[in-house]
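Scroll down for the structure; my scribbles are underneath it.
The values are calculated or read from the model by the stated rules, or taken from the named source; none is laboratory data. The model shown is predicted, which means the values in this text are computed figures rather than measured ones. Virtual Cβ from ideal backbone geometry, glycine too; neighbours counted across all protein chains shown.
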Amino acid sequence: MYYFLKMKTSWYKEPWAWLVFTLPAIAVVASITTYFIANYEPDSLVVGDYYKKGKAINFEISKIKLAQKLGMQFALKSTDNELVIRPTGIDRKFPFIKVNFYHPTLAKRDFELTLTADANGDFRHHFDKKITGKWRVTLSSFKNDWRIENVIYLPQTEFISIIPDLTVAN
């Protein structure tokens, strides 16, 4: 009748006791680990003022439409820590272009370049470290009157086309 009161072995020798204690312990360790992972590098706020950003979208689209109208096209290649941007769709030459690299998840990795054309009309930049992965690249004039955006994956051993496309614009 009182069989459950008579224990033949110690509690720590019973496998069911360890199962009962282990599952909650694993849950506690997993939750603490998740907390530290989530707070190690908190997400950055992408856009602070959504209303202003929404109003600026039409202005940005007009820059892309102007790039389409002017026939702006470029070819981009990045190998051996060297970036080469070659104008392909236009005959006129311009001395500067602005190139912005936006990382899809880490805002601290974003950077901007202002490049000048070499004797061949190409725009070149040599990086100190290797740039790899997915990037949103924005090309614009020094006056910022036209703009081209594309998503690229670096490194690129062959030239890829960078053309104005409204579907890629944010």
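Name the residues in the stretch 94-140 that are among the acidic types (D, E) and either in contact with a helix residue (DSSP H, G or I) (Cβ under 8 Å, 6 or more places away or on another chain) or touching a residue at least 40 places away in the same chain (Cβ under 8 Å) (or both), would you? Give the steps one after another, and end with the answer.
First, the residues of the stretch 94-140 that are among the acidic types (D, E): 110, 112, 118, 122, 128.
Of everything in the stretch 94-140, just one residue is among the acidic types (D, E) and either in contact with a helix residue (DSSP H, G or I) (Cβ under 8 Å, 6 or more places away or on another chain) or touching a residue at least 40 places away in the same chain (Cβ under 8 Å) (or both), namely D128.
Could you please give the count of residues in the stretch 115-170 that are in a strand (DSSP E or B), among the basic types (K, R) and closer than 17 Å to A67 by Cβ?
Summing the residues that are in a strand (DSSP E or B), among the basic types (K, R) and closer than 17 Å to A67 by Cβ in the stretch 115-170 gives 2.
Which condition number does P24 fail, the rest of (1) assigned by TED's automatic domain parsing to the domain that holds I152; (2) at pLDDT 90 or above; (3) exposed (fewer than 10 other Cβ atoms within 10 Å of the Cβ) being met?
(1)
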